[in-house]
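The values are calculated or read from the model by the stated rules, or taken from the named source; none is laboratory data. Given the structure is predicted, the values throughout are model-derived calculations rather than measurements. Here Cβ is always computed from backbone atoms with ideal geometry, including for glycine, and neighbour counts include all displayed protein chains. When the accessible area is computed, the model is the full protein with side chains, heavy atoms only, and any ligands, DNA or RNA have been set aside. Shrake-Rupley method; radii C 1.70, N 1.55, O 1.52, S 1.80 Å.
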Amino acid sequence: MAVKILVCDDERNIVRMIQLNLERHGYSVITAYDGKEGLEKIRSEKPDLVVLDVMMPYMDGFEVLKTLRREPEFESLPVIMLTAKAQDKDVFEGYH
């Protein structure tokens, strides 16, 4: 069974680019286009890894990550944060 990855970003072209590259390498990809949809799909699809944008509507990536870490089922789910933000405070927030 292929590793299942959820890609969550409000920029559809970015989602598509990541999806195509991951699928080309044999991964199964699920997509979401805002934080709320991403959280719902994590709960229903149970991916092995999440690629999560920081700046999204409804729930930003930090809020999604904090919610996941409070749920025992997802507290150790690997998450890769995508962002154009590069300030130290933004990077530090991603670690908490």
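Exactly one residue out of 66, 41 is in contact with a Leu (Cβ under 9 Å, 6 or more places away or on another chain), open to solvent by 10 Å² or more (accessible area, probe 1.4 Å) and assigned to a helix (DSSP H, G or I), and it is 41.
Residues in region 78-91: is at least one of a type in the set (Asp, Glu), modelled with pLDDT under 95 and exposed (fewer than 13 other Cβ atoms within 10 Å of the Cβ)? Scanning region 78-91 turns up at least one residue that is of a type in the set (Asp, Glu), modelled with pLDDT under 95 and exposed (fewer than 13 other Cβ atoms within 10 Å of the Cβ). Just so you know, in region 44-63 the residues that are in a helix (DSSP H, G or I) and either open to solvent by less than 60 Å² (accessible area, probe 1.4 Å) or in contact (Cβ under 8 Å) with a residue 60 or more places away in the chain (or both) include one that is nearest to residue 11 (Cα to Cα), and it is 61. Applying the set (1) charged (D, E, K, R); (2) open to solvent by 40 Å² or more (accessible area, probe 1.4 Å); (3) in contact with a Pro (Cβ under 9 Å, 6 or more places away or on another chain) to residue 34 leaves exactly one unmet item: (2).
Looking only at residues in region 1-27 that are among the β-branched types (Val, Ile, Thr) and in a helix (DSSP H, G or I), which one is surrounded by the fewest Cβ atoms within 10 Å (Cβ to Cβ)? Taking the candidates together, the pick is 14.
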